[in-house]
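**Q** Below: one structure in structure tokens.
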Amino acid sequence: MNFEFTVTQVLLYIILIAVAIMAIIFILKYMLNNQKDLKTKYEAKNLNSLLVARNKYPEVDSFKLRNTVLLAGLVFSLAMVFFAFNWTTYEKKMDLTGYDLQVEEDIEMAPPPTKEPPPPPPPPPPPVIEAVPDNQIIDEEDQPVFASQDITENTQVAVPVDTARKAPPPPPPPPPEDKEEIFVMAEDMPRFPGCEDKGTKADKEQCANNKLMEYIYTNLKYPAIATENGIEGRVTIRFVVDRDGKVGGVEILRDIGGGCGEAAKKVIEGMNNMPDRWLPGRQGGRKVKVYFTLPVIFKLNG
């Protein structure tokens, strides 16, 4: 049989035990102090030893109650130990009725920025062609003199020496950037920690969603500007859970103003300070980076 006691019940039982002990002490003291005519009754008593003198009047001898008091103290101690061992703490339950982690509206997400290719170099200027007039007279003195290009056995041919230093070859182009793919949907989506002791996968996911909401609304602070202006609504946050279970790349996809988006973003970024990490997503049996979209509802009480 299991006994469960809350903090209030345990404190109440301990107070009752203390009151009972005090009541017993006062009752015994009252009974011992109201013994009458003991002097007349034991006036002719001869005290033969010091041990007898210790108990001048047997009716008020407190030592004869020693076993009873010890037994009562043992009972009270066992009762307190019983209540302490059955002291049960309960997890804080949050009312998540009507709350759904699915984002209903379609949110347009801009594609990630990519590096623009460098502009092409400007084309070379066209060559300038000078027109030669047809009526130009060429003087005989300006006629080129053609030398004989015949080569015989005795002709010495000089080998030209290339004194110009050749330029080094251009460096190879840099290797392309290795960008790891970030999945929008994975076979196993990331889960908030603390629910791996549950049975089925559905139970783990339900428990993880409940603990995620408990973490969000325990640490979320309603901005003062939004409170003063009565701003309520749904903020949508998207972040990345990497292969180590860390959270990064937090983005505000939908904001309602009044600092609500920044407040929700701050809570998400604080997940890296938790003692336990997220359970990373898996695709094909390997850990991968996965986007996680989370709606956060801001609602004023009263």
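Nothing in this text is a laboratory measurement; each read-out follows from the coordinates by a stated rule. Given the structure is predicted, the values throughout are model-derived calculations rather than measurements. FYI the Cβ positions are ideal-geometry reconstructions off the backbone, even for glycines, and counts take in every protein chain you see.
**Q** Would you mind putting 200-212, 182-194 in packing order, based on average other-beta-carbon counts within 10 Å, highest first?
**A** Descending mean neighbour count gives 182-194, 200-212.
**Q** Using 7 Å Cα-to-Cβ label points, what is the Ala131/Val7 separation (nm, one decimal)?
**A** 10.4
**Q** Something else about it: Let me check the size of the stretch 200-302 from its C-alpha atoms; what are the radius of gyration and Dmax in Å?
**A** Final numbers for Rg and Dmax: 14.8, 49 Å.
**Q** How do the peptides 275-288, 16-29, 221-234 rank, highest first, by the average count of neighbouring beta carbon atoms within 10 Å per residue?
**A** Put in order of decreasing packing, that is 275-288, 221-234, 16-29.
**Q** Still on this structure, please answer the following. Quick one: compute the contact order of the stretch 147-302, relative version, from alpha carbon pairs under 8 angstrom and 6+ residues apart, as a percent.
**A** 29
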